[in-house]
1. Within the chain, which is the longest segment containing none of the chymotrypsin sites (Phe, Trp or Tyr not before Pro) that sit in a DSSP loop and have at most 15 other Cβ atoms within 10 Å?
2. Accessible area, 1.4 Å probe, largest first: how do S24, S113 sort?
3. If you roll a 1.4 Å probe over the heavy atoms of the protein chains, what accessible area per residue do you get for segment 101-181, in Å²?
4. Of A182, Y16, V151, which is farthest on the positive side of the dipole of the chain, counting Cα position, with +1 on Lys and Arg Cβ, -1 on Asp and Glu Cβ, and the Cα centre as origin?
5. Under the rule that an exposed site lies in a DSSP loop and has at most 13 other Cβ atoms within 10 Å, name the longest stretch of the chain with no trypsin sites (Lys or Arg not before Pro) of that kind, not counting the sites themselves.
6. Dipole magnitude of segment 73-148 about its Cα centre, charges +1 at Lys/Arg Cβ and -1 at Asp/Glu Cβ only, in debye to the nearest 20?
7. Given charges of +1 on the Cβ of Lys and Arg and -1 on the Cβ of Asp and Glu, with all other atoms neutral, how large is the dipole of the chain about its Cα centre, in debye to the nearest 20?
8. Using a 1.4 Å probe, how large is the accessible area of I45, given in Å² and rounded to the nearest 10?
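The values are calculated or read from the model by the stated rules, or taken from the named source; none is laboratory data. Bear in mind the structure is a predicted one, so any value in this text is a computation, not a measurement. Here the Cβ positions follow ideal geometry from the backbone for every residue, glycine too, while neighbour counts run over all protein chains shown. Accessible surface areas use protein heavy atoms only, side chains included; no ligands, DNA or RNA. Shrake-Rupley method; radii C 1.70, N 1.55, O 1.52, S 1.80 Å.
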Amino acid sequence: MVGQVGRELVNLINRYAPFAVGLSGEDAGLFTAEPKTIQLDGEDIDLGQVGDVATVNPDAVIDLIDAVAPGPGDLVYNVNADTAAAALATALGADRLVMLTDVAGLYADWPDSQSVIKEIDSTELRQLMPTLESGMRPKMEACLRAVESGVERATIIDGRIKHALLLEIFTDEGMGTMVRAAEQIQEA
């Protein structure tokens, strides 16, 4: 992904202006990871080279924001990009996390396109997690982690829609599914 897809995305963006820089979790020690296991019949199963974010060092991203280039890191795990994005948003103290996907959002009744959940709190999402399809689970788990770690809101939007990010950020209606911490919804 980093060597091909990431490079292509950076090049496409930079055709218009020099805004994009490609980073992997290894670059400048952005993420360190630990092995991820799953429980199956009460037994921990090692997933091989699959990891989960252990620590985030946002210095490289902060330096890029301040226009200073990062250096390479040295630990390699395959960490889910959604998990990494949520961890980075938390470490940066971001107000918002937006993830692009290829569906309209979180569906109450997959695949009924009329059942997109517009807003859900962390308590409701936690209860719904065991029922989610495998493709949506990591995204929603990342949103949950982010809002429970201080990010004000996390949104899943359909990246196939032209200008999806602009529509989400600059319109009152937004798009996709927004996740907030349960406390935030109660206060609103």
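1. It runs 20-188.
2. Of S24, S113, the descending order of accessible area is S113, S24.
3. The answer is 55 Å² per residue.
4. Checked the options; the winner is Y16.
5. Numbers: sites that count: R15, K118, R160, K162.
Maximal segment without exposed cleavage sites: 16-117.
6. On the way: 6 positive and 12 negative charges, 23 e Å.
Dipole of segment 73-148, to the nearest 20 debye: 100 debye.
7. Values: 13 positive and 31 negative charges, 127 e Å.
Dipole size: approximately 620 debye.
8. 50
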